[in-house]
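Enquirer: Got a structure for you, written out below as structure tokens; questions coming shortly.
Please treat every number below as a calculation from the coordinates, not as lab data. Just so you know, these numbers come straight off a predicted model, no measurement behind them. Here the Cβ positions follow ideal geometry from the backbone for every residue, glycine too, while neighbour counts run over all protein chains shown.
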């Protein structure tokens, strides 16, 4: 078995290398017009990003060509605004599990391509892909917020889902006036109540009535994959603003593990949660070491907030290693490289889960990550990028 998993690792590395090409040099990209930074008054093209029909047809084609290695299903919880079904791809049949979600925020769309590339690589007939599928079951939701991307009333992507019922304040928690809910604040963290609204009632007391079907779709996919017993890792792919580190270099991505320690204390699960945090740091160490092989990959520690309904915290409280990956803001000519870097990060974790090396990762790599200058305290929960 160990030899098989090592073979899977080699195969995954080959798949990553094939997509990325040769590692880039250490030189950082410039910040002049035409470079990767977002410029004032810049018009960004979405032409490389699939709309809903294109997304579905791409997934259908990849699954159809997988020779039975993958399955495309749809969540019973549909997008609130349009009623469209949210696609889920399940790949492999291994005893270890990983769930990868992307595009919870409609205007953070490039990482949906990263998730699609994970599907493309793992549904191939390559020997490495076949061996990974024997070791790991991978669940991928490439676009959670399908309405926030291409079905908003303004005709442009926005952060929230499309549920514009509240037009006069006060509105519910984590709701944008006249738009909808921030999906990434509405994940139930209760084992026995997957339909819970995490923003109402006392900590740990299930209230039901979760008003965000897109968040319910993620929890349903997680439970269908086996919950904490079947899902070793949850990865959540996002975008953040463009930042610079203490040396003035571009921060190309940020990452973080669960930090809802107060919620864990309130639930009486702090020892278990501390173990989840340790395993999550191993995931972070793994992906950081992988992306640092490539140019533009300068990762920092994300300054994440602590609400238990954030997916990073909710699935950590449920018992799985749970990690946020925030890619830098989209800029000219940069969509492809951002997608590839997030793909490498996710692929490295799949690889390490398959070959068993994930459990041996040095958490010191994660703990050495620094916040970017000025992030001595976390932003208010309503205002964070995550």
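Enquirer: Would you mind classifying the range 48-98 by shape? Square roots of the alpha carbon gyration tensor eigenvalues, ordered a ≥ b ≥ c; an a/c under 1.5 is rounded, otherwise it is prolate if a/b is larger than b/c and oblate if not.
Expert: Verdict is oblate for the range 48-98.
Enquirer: Where both partners of a DSSP beta bridge lie in the range 151-310, what percent of those bridges are antiparallel, to the nearest 5?
Expert: In the range 151-310, approximately 60 percent of DSSP beta bridges are antiparallel ones.
Enquirer: Roughly what % of DSSP beta bridges within the range 217-326 run antiparallel, to the nearest 5?
Expert: 35 percent
Enquirer: Of all DSSP beta bridges in the range 44-142, what percent run antiparallel (nearest 5)?
Expert: Percentage antiparallel, nearest 5: 55.
Enquirer: What shape does the range 69-140 have by the C-alpha gyration tensor, where a ≥ b ≥ c are the square roots of the eigenvalues, rounded means a/c under 1.5, and otherwise prolate means a/b greater than b/c and oblate the rest?
Expert: prolate
Enquirer: Using the alpha-carbon centroid of each, what span in Å lies between the range 170-233 and the range 246-316?
Expert: If we compute the Cα centre of each part, the gap is 20 Å.
Enquirer: What is the gain in length, in nm to one decimal, between residue 171 and residue 82 on full extension, counting 0.36 nm per residue of separation less the C-alpha to C-alpha distance?
Expert: Answer, rounded to one decimal: 29.9 nm.
Enquirer: Sort the following peptides by mean Cβ neighbour count (other Cβ atoms within 10 Å, averaged over residues), highest first: 54-63, 338-347, 218-227.
Expert: Ranked from most to least packed, the peptides come out as 338-347, 218-227, 54-63.
Enquirer: Averaging sequence separations of C-alpha pairs under 8 Å and six or more residues apart, then dividing by the length of the range 99-226, give the relative contact order as a whole percent.
Expert: Here the relative contact order equals 21 percent.
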